[in-house]
Amino acid sequence: MDKNLLAQREKLSAHLIKHLNRRRMAASFVPTAEAAKAEVLHLVRSMDPKPTSIMRCGSESIGSLGLWTELAALPGVTFLDPYRADKTPAENADVRRRTLLADVMVSSTNALTMDGRLVNLDGTGNRVAAMIFGPLKVILVVGMNKVVADLDAAYARIRTVAAPANNIRIESLYPGVKNPCMEDGRCHQCASDTKICNIWTTIEGSSVKDRIHVVLVGEDMGF
Ligand code: SF4
């Protein structure tokens, strides 16, 4: 990526880390997606006691890293994957419920405000539920393309970019899902039975200090 943009993001990361720390969340900066992968593995491997279960979520940012395979191969770890094609929808739904008690969650956020708030919009709510309560450690890999000025900008970013793009991403995975943004790339604030936009959350802080660790990534990641 452009070296000036990367330098700007690295300088900005100090401000974001300060605000995340003020909200009792840990944070670090890495320049590239590849370095983010190493940082996540380091954070998981250095947990004491060692984690025995890790939750898989549908994050595009994490999927693009190829991280799921490496996390699933960690010794002594049960990998809870509710996206298995060889399982029935009911079986995957059962795993999705059990992910709420996983030791580790690795995911991303839809937006991060300049003062350290994490803003998300979810379909079923399992992702945001686990971010809020359940897993002992929540590691969020956040490309700095997701940093926005404030809450209004976070809502706008999610409505205009993240949600329509996620709809288009899942179109091939779930052929039965038909939402208006899949046609024209715009959010219509629809009431579709299959909409993936049902639950807004804003994490203002963590009651358990450093339970959430935000890995800021200089490169763009996800949408
Ligand atoms: S609310 Fe409806 S139209 Fe808007 S992004 Fe979500 S599914 Fe698409």
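General remarks:
- This model, with +1 at the C-beta of Lys and Arg and -1 at the C-beta of Asp and Glu, gives segment 50-181 a dipole about its Cα centre of some 120 debye.
- Gyration tensor verdict on segment 54-179 (Cα atoms; rounded if a/c is under 1.5, prolate if a/b is larger than b/c, oblate otherwise): oblate
- Antiparallel bridge percentage (DSSP; both residues within the chain; nearest 5): 25
- Segment residue 169-residue 21, length gained on full extension (0.36 nm per residue, minus Cα span): 50.0 nm
- Kirkwood-based shape ratio for segment 1-89, expressed as Rg/Rh from alpha carbons: 1.04
- Cα gyration tensor category, rounded, prolate or oblate, for segment 129-223 with a/c compared to 1.5: prolate
- 29 Å Cα-Cα reach of residue 50 towards lysines, excluding residues that sit fewer than 8 places from it in its own chain: 18, 37, 87, 137, 209
- Oblate is the label for segment 1-44, because a/c, from the alpha-carbon gyration tensor with a ≥ b ≥ c as root eigenvalues, is 1.5 or above and a/b does not exceed b/c.
- Chain lengthening between residue 198 and residue 101 when straightened (0.36 nm per residue, less Cα-Cα): 32.7 nm
- Computed lengthening from residue 188 to residue 8, 0.36 nm per intervening residue step minus Cα-Cα distance: 61.4 nm
- Mean projected area of the Cα convex hull of the chain, taken over all directions, amounts to 12.1 nm².
- Between residue 208 and residue 60, the simple spin-label model (points 7 angstrom out along Cα→Cβ) gives 3.0 nm.
- Cα extents for segment 95-160 along the principal axes, largest to smallest and rounded to whole angstrom: 34, 21, 16.
No lab work stands behind these numbers, since they all come straight from the coordinates. What you see is a predicted model; the values in this text were computed from it and never measured. Virtual Cβ from ideal backbone geometry, glycine too; neighbours counted across all protein chains shown.
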